[in-house]
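The values are calculated or read from the model by the stated rules, or taken from the named source; none is laboratory data. All of these numbers come straight from a predicted model, not from anything done at the bench. Neighbour counts are summed over all protein chains in view; Cβ atoms, including those assigned to glycine, are modelled from backbone coordinates with ideal geometry.
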């Protein structure tokens, strides 16, 4: 595999791992009713600081890759 494909594969794996590390605690803290619904309202419970920081890092990572429209 070329170095470019290796870097792309590792970046994709990192993104998947970060998403899972964020999604599991978010579902536990907010409940699937909120996480699978439209975001028309604020959550009834707040996420912990650790989970919220993971969410921020994921948003920053997708923006830096040009994926913020997805």
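Worth pointing out:
- When residue 5 is tested against (1) surrounded by 10 or more Cβ atoms within 10 Å (Cβ to Cβ); (2) modelled with pLDDT of 80 or more; (3) assigned to a helix (DSSP H, G or I), exactly one condition is not met: (1).
- Screening the range 35-70 for residues that are in a loop (DSSP other than H, G, I, E, B), within 18 Å of residue 13 (Cα to Cα) and in contact with a helix residue (DSSP H, G or I) (Cβ under 8 Å, 6 or more places away or on another chain) and picking the one that is modelled with the highest pLDDT gives 65.
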